[in-house]
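The values are calculated or read from the model by the stated rules, or taken from the named source; none is laboratory data. These figures come from a predicted structure and were not determined experimentally. Neighbour counts run over all protein chains shown; Cβ positions are idealised from the backbone, glycine included. Note: areas computed on protein heavy atoms with side chains; ligands, DNA, RNA excluded. Shrake-Rupley method; radii C 1.70, N 1.55, O 1.52, S 1.80 Å.
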Amino acid sequence: MKPSAEFLEQYRALTGGVGFAELPGRTIIEVNGSDRVSFLQSFTTNDVKKLAPGRGCEVFVTSTQGKTLGHVLMFSEPNQLVLETSAGQAEALIAHFNRYVITEDVQFVDRTKNLREFLIAGEKSAELLASQGVERPSGVLEHASATIAGCSVIVRRVEYAGPHSFFIQTAAKDAATVAESLVGAGAVHCDAASVESARIEAGFPLFGLDITDDNLPQEVGRDAQAISFTKGCYLGQETVARIDALGHVNRLLVRLKIDSDQVPASGDSLLAGEQQVGHITSAAWSPRFCAPLAFGYVRRNLAKAGTKLATAAGLCEVI
């Protein structure tokens with residue numbers, strides 16, 4: 001089905017103007033205690049010890065077998081670390097970490113219900129934030145405290161919906177005031193469908209949708225962003241290091257342009273001839289390609305750009 005005029009207006013705002021969207025239920029975990037950095041250094045794939053306050057990094061949380069238990073944005077604040085990820089992940093992540101706490105001074109607090117997170121995205125996002133008296137963080141995953149409409153917020157530079165994306169975090173009691181101020185300043189209110197389109201075009205995968213506990217970190221294709229191959233030991237490192245040094249994964253997460261007006265469903269099979277060689281994880285209509293665009297896993301030998309495959313929705317091509 002071709003997109004509506006409303007969808008296209010929202011998409012244009014999220015990419016070329018300023019789009020605003022709620023991100024309901026995004027998981028937010030505060031990590032406190034004097035051992036917070038050394039503890040998370042031992043249970044995530046990136047080099048947490050290098051984070052200075054105001055900086056952030058992308059990490060995988062891995063099991064003893066090296067499988068992905070989480071894909072997290074980690075932010076360093078003066079007295080705590082903040083873990084931010086897909087909705088519904090707090091209970092599982094906190095239970096996983098607490099299994100390994102013995103005498104360490106580290107506490108995990110689920111703040112998801114107390115906080116709200118908004119997305120501001122588009123080429124004019126920095127200009128709109130400046131109109132609110134907010135100096136935008138310049139580097140990816142840099143963040144800073146600010147005030148919008150008299151309410152305390154934290155502004156985080158991300159790449160969720162493209163290079164001009166920011167998460168705005170505020171207390172639940174202030175959410176309506178902050179949202180009203182941003183929309184009143186000119187941000188176009190966007191719904192989930194247009195945000196999903198911009199996210200997939202930007203190439204940002206979501207845990208629970210594009211990444212699950214069945215995946216190895218290197219299958220996701222975020223090595224440069226989320227894995228340090230020089231840090232010390234951590235849970236699951238042996239598998240990650242062995243793949244890097246001696247072998248390769250058998251499948252990879254890729255994006256696929258679908259030659260159809262029909263957007264494929266999550267879980268749809270990807271076929272080479274009559275043989276199933278992968279599956280779709282998420283998909284949306286892409287105005288950039290004038291066609292559906294999808295994330296999906298395919299066999300490693302078929303992950304090269306230009307490879308032709310098929311879905312129930314139509315023929316597709318790895319991009």
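For segment 165-276, the mean projected area of the C-alpha convex hull, equal to one quarter of the hull surface, is 11.5 nm². Solvent-accessible area per residue in the chain equals 44 Å², computed with a 1.4 angstrom probe and all protein chains kept.
Rounded to the nearest 500, what is the 222 nm mean residue ellipticity of the chain from helices alone, with -39500 (n - 2.57) per DSSP H run of 4+ residues and division by all residues?
It comes out at -6000 deg cm²/dmol, rounded to the nearest 500.
Working with all protein chains in place, sort His164, His143 by solvent-accessible area computed with a 1.4 Å probe, largest first. Please report the intermediate quantities before stating the final value.
Numbers: His164 80, His143 20 Å².
Output order, biggest surface exposure first: His164, His143.
Each 10 Å bin from zero holds the following percent of Cα-Cα pairs in segment 65-211: 10, 38, 36, 13, 3, 0. Taking every pair of alpha-carbon atoms in segment 1-157, give the share separated by more than 28 Å as a whole percent. Of all Cα-Cα distances in segment 1-157, 28 percent exceed 28 Å. The Kirkwood hydrodynamic radius of the chain, based on inverse pair distances between different Cα atoms, is 20.4 Å. Sorting 249-262, 282-295, 92-105, 232-245 by their mean Cβ neighbour count within 10 Å, with the most densely packed peptide first, gives 282-295, 249-262, 232-245, 92-105. If the segment from Gln275 to Gln107 were pulled out straight at 0.36 nm per residue, it would be longer than the present Cα-Cα gap by 55.7 nm. Across the accessible surface of the chain, with the other protein chains kept in place and a 1.4 Å probe, carbon and sulfur atoms take up 49 percent.
Mean sequence separation of contacting Cα pairs (under 8 Å, at least six apart), scaled by the length of the chain, corresponds to a relative contact order of 20 percent.
Quick check: Cα centre of segment 20-42 to Cα centre of segment 228-287, how many Å? So the separation of the two Cα centres works out to 26 Å.
Students often check this: by mean Cβ neighbours within 10 Å, which of 53-62, 131-140 ranks highest, and how do the rest follow?
Sorting 53-62, 131-140 by mean packing, highest first, produces 53-62, 131-140.
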